[in-house]
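**Q** Structure below; questions to follow.
The values are calculated or read from the model by the stated rules, or taken from the named source; none is laboratory data. For clarity, every value in this text was computed on a predicted model and none was experimentally measured. All Cβ positions, even for glycine, are placed from backbone atoms using ideal geometry, and neighbour counts span all protein chains on display. Keep in mind that these areas ignore ligands, DNA and RNA; they rest on the heavy atoms of the full protein, side chains included. Shrake-Rupley method; radii C 1.70, N 1.55, O 1.52, S 1.80 Å.
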Amino acid sequence: MNKVSGIFKHLFLIIVSLVSIFPFYWMLVSATNDSKDITMGKLTFGSSLMKNVKNAFETADLWGAFLNSTILAVIIVVISLVICSLAGYAFVIYPSKGKDILFMVLIASMMVPFAAKIIPMFRMFSEMKLLNSYWAIILPAIGAPFLIFFFKQNTHAFPQETIQAARVDGLNELQIFIRIFMPMMKSTYAAAGIFSFMASWNNYMWPLIALQSNSKFTLPLTVSNLAAGFTPDYGMVMVGIIISTVPTILVFFLLQNAFVEGMVGSVK
C-alpha cells in the first residue's frame, strides 16, 4: 500500500513539474521559431534564433534597458535592505506604543491596492519635479512595508543576550547593528534581497507612468514595446522575455539556500 501511495505521489509531482516547466520550454522554443510557426502552436525547436535576436536588438535598445533595470535594481536592493532592516530592528529592540501604532499603519498600507496610489504618487512626484527620473522609481521602493514586516518578524528570533553583551563590551547601537546584527542575519538579508530584486526587476506599472524617455525605459517596458505592433513578431518578443527572465532565475538559484534559511527565520 505504501509503495502504491509513493508511486502516485511521484507521478503527481512529475506531472506538476512538467506543467511548471512547460512555459519556460515554450518560451525557449518560440525564440527559435518564426512568428507564423509560434501562432500555429509549433512545439519543436526551429532555426530562426539568430534572426529573432538580430531583429530584437535592432528594433529596441535592449542592452540600454537591461542596464537601466540593473542600475535601478541594485540601488533599490541596497538602500531598501538598509532602511527596512533598520526599521524592523528598531520596532523589536526599542518597542513603544507609538511604534506599535506606526507598525499597524504600515501593515494596513499593504492592503491598499497600487491602483489607488497611482494618482497621488503621480501628483506628488510631478510637484517634486522628479518625474522621468530614476528617483521616481527608487523612492517608492526603498521603504517597502512588506520588507519592514519581514525584518521585524525575523528580528524576534535574534538573541537579546547578544545585544546586552555587546553593550557591556562598549559597542554603541550603530556598531551593534552593523557588526553583530547584520552578519548574524545574513540569511534574512539574502531572502529580503531576492524579494526586493524581483519586485524591482519586474516592476512595470509605475515605471510606465513615471518614465517618458525611451532612453530611461526599464527592460519590462522595452520588451512590452516589442509586442506593441499591429502584427507583433512573437519570436522577437520571446527573445526579449528570455533576456528579462534570466537574471531573476540566476539570482534565485545563486541565493536559494540562503533564501530558504531566511524564510524560516535562521539566525547564525
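**Q** Give me a comma-separated list of calculated 3J(HN,Hα) values for the stretch 231-243, in order, Karplus coefficients 6.51, -1.76, 1.60 applied at θ = phi - 60°, integers in Hz, x for any Gly or Pro.
**A** 10, x, 8, 5, x, 5, 5, 5, 4, x, 5, 4, 4
**Q** Next up: Under the Karplus relation 6.51 cos²θ - 1.76 cosθ + 1.60, θ = phi - 60°, what is the ordered set of whole-Hz ³J(HN,Hα) values for the stretch 94-109, x standing for Gly and Pro?
**A** 3J(HN,Hα) across the stretch 94-109, in whole Hz: 10, x, 6, 5, x, 5, 5, 5, 4, 5, 5, 5, 4, 5, 5, 5.
**Q** Can you pull the accessible area of residue 128 for me, 1.4 Å probe, Å² to the nearest 10?
**A** Taking all protein chains as shown, residue 128 has close to 90 Å².
**Q** In a GNM of the chain with a 10 Å cut-off on Cα contacts, which of 175, 256, 212 has the highest mean-square fluctuation?
**A** Per the Cα network of the chain with a 10 Å cutoff, 175 tops the list.
**Q** For residue 44, tell me the accessible area in Å² from a 1.4 Å probe, rounded to the nearest 10.
**A** 80 Å²
**Q** Placing unit charges on C-beta atoms (Lys and Arg positive, Asp and Glu negative, everything else neutral), compute the dipole magnitude of the stretch 56-264 about its Cα centre in debye, rounded to 20.
**A** 480 debye
**Q** Let me ask something else about it. Taking only protein heavy atoms and a 1.4 Å probe, what accessible area per residue, in Å², does the chain have with all protein chains in place?
**A** 58 Å²
**Q** Related question: Ranked by accessible surface with a 1.4 Å probe, highest first, in what order do 42, 9 come?
**A** My answer, sorted largest first, is 9, 42.
**Q** Among 217, 86, 68, which residue has its Cα furthest toward the positive end of the charge dipole of the stretch 56-264, with +1 on Lys/Arg Cβ and -1 on Asp/Glu Cβ?
**A** So the residue furthest toward the plus end is 86.
**Q** Continuing with the same structure: Starting at the first residue of the stretch 59-69, write each ³J(HN,Hα) from the Karplus equation 6.51 cos²θ - 1.76 cosθ + 1.60 with θ = phi - 60°, in whole Hz, x for Gly and Pro.
**A** Calculated HN-Hα couplings, in order: 7, 9, 7, 5, 5, x, 5, 4, 5, 4, 5 Hz.
**Q** Which option, (1) 57; (2) 62; (3) 53, is the value of percent of Cα pairs over 24 Å apart that was calculated from these coordinates?
**A** Checked against the structure: label (2).
**Q** How much accessible surface does residue 81 have with a 1.4 Å probe, in Å² rounded to 10?
**A** Residue 81 has an accessible surface of roughly 30 Å² with all protein chains in place.
**Q** Moving to a separate point now. Can you tell which of 15, 138, 163 shows the greatest fluctuation in a Gaussian network model of the chain with Cα springs below 10 Å?
**A** Highest fluctuation among the options: 15.
**Q** Specify the residue with the greatest mean-square fluctuation among 46, 235, 98, computed from a Gaussian network of the chain linking alpha-carbon atoms under 10 Å apart.
**A** Looking only at 46, 235, 98, the largest GNM fluctuation is found for 98.
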